[in-house]
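**Q** Mind having a look at this structure? Questions to follow.
The values are calculated or read from the model by the stated rules, or taken from the named source; none is laboratory data. These figures come from a predicted structure and were not determined experimentally. Methodologically, a virtual Cβ is constructed for each residue, glycine included, from the backbone with ideal geometry; neighbour enumeration extends over all protein chains shown.
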Amino acid sequence: MVGYKVTPRFGVGVSPTYKYYKYSDSFNSALDFKTNVLGGSVFARYLITENIFAHTEYESLFFNTKLQGSDVSATQINSVFIGGGYRQLIGGNTSLNLMVLWNLNDTPDSPYTNPVIRMGLSVGM
């Protein structure tokens, strides 16, 4: 993630995404598949208090899947997340963050299940 602090309490940013999935079925190799997922997201974050923040995000992912014996299928998944989190300052402008988000566009193809829980380290925001 790369963000920009617009005001002391409000920031926006972008996040590129790459994921690799591979599934091998021990009993039926026709169910084996692999895919590369590419995409990204834009987000906004607002500090409600020094430690509590609101977060919203739009993410778009693109991937191809091919089950053995079938054609390649191109898929795009769009997700809209809302939620918030807690940040613990650990020195200067560095904090440890815990977020709980809800995907408003949850579908059977989504790589996420609600709620989406994320943890990370922020520097400068």
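**Q** Return a yes/no flag: does the stretch 34-46 have any residue that is in contact with a Gly (Cβ under 8 Å, 6 or more places away or on another chain) and modelled with pLDDT under 90.
**A** Scanning the stretch 34-46 turns up no residue that is in contact with a Gly (Cβ under 8 Å, 6 or more places away or on another chain) and modelled with pLDDT under 90.
**Q** Something else now. Determine which single condition residue 3 fails, assuming it passes every other condition in (1) buried (at least 16 other Cβ atoms within 10 Å of the Cβ); (2) of a type outside the set (Asp, Glu); (3) closer than 19 Å to residue 103 by Cβ.
**A** Residue 3 satisfies every listed condition except (3).
**Q** Pull up the stretch 75-112, narrow it to residues that are at pLDDT 90 or above and of a type in the set (Val, Ile, Thr), then point me to the one that is surrounded by the fewest Cβ atoms within 10 Å (Cβ to Cβ).
**A** 90
**Q** Every residue in the stretch 82-108 that is of a type in the set (Val, Ile, Thr) and in a strand (DSSP E or B), please.
**A** Those that are of a type in the set (Val, Ile, Thr) and in a strand (DSSP E or B): 82, 90, 94, 100.
**Q** If you go through the stretch 60-74 one residue at a time, do you hit one that is under 30 Å from residue 8 (Cβ atoms), loosely packed, with under 13 Cβ neighbours inside 10 Å and at pLDDT below 95?
**A** The answer is no, given that none of the residues of the stretch 60-74 is under 30 Å from residue 8 (Cβ atoms), loosely packed, with under 13 Cβ neighbours inside 10 Å and at pLDDT below 95.
**Q** Can you pull out every residue in the stretch 32-91 that is β-branched (Val, Ile, Thr), over 17 Å from residue 7 (Cα atoms) and within 14 Å of the chain's Cα centre (by Cα)?
**A** So the first thing to find is which residues in the stretch 32-91 are β-branched (Val, Ile, Thr), and the list is 35, 37, 42, 48-49, 52, 56, 65, 72, 75, 77, 80, 82, 90.
Of the ones still in play, those that are also over 17 Å from residue 7 (Cα atoms) are 35, 37, 42, 65, 72, 75, 77, 80, 82, 90.
Of everything in the stretch 32-91, those that are β-branched (Val, Ile, Thr), over 17 Å from residue 7 (Cα atoms) and within 14 Å of the chain's Cα centre (by Cα) turn out to be 37, 42, 77, 80, 82.
**Q** If I ask for residues that are touching a strand residue (DSSP E or B) at 6+ places or on another chain (Cβ under 7 Å), modelled with pLDDT of 85 or more and surrounded by fewer than 16 Cβ atoms within 10 Å (Cβ to Cβ), which ones from the stretch 113-125 would you list?
**A** 114, 115, 117, 118, 119, 120, 121, listed by residue number.
**Q** If I ask for residues that are more than 11 Å from the chain's Cα centre (by Cα) and in a loop (DSSP other than H, G, I, E, B), which ones from the stretch 111-121 would you list?
**A** Hits for the stretch 111-121 are 113, 114, 115.
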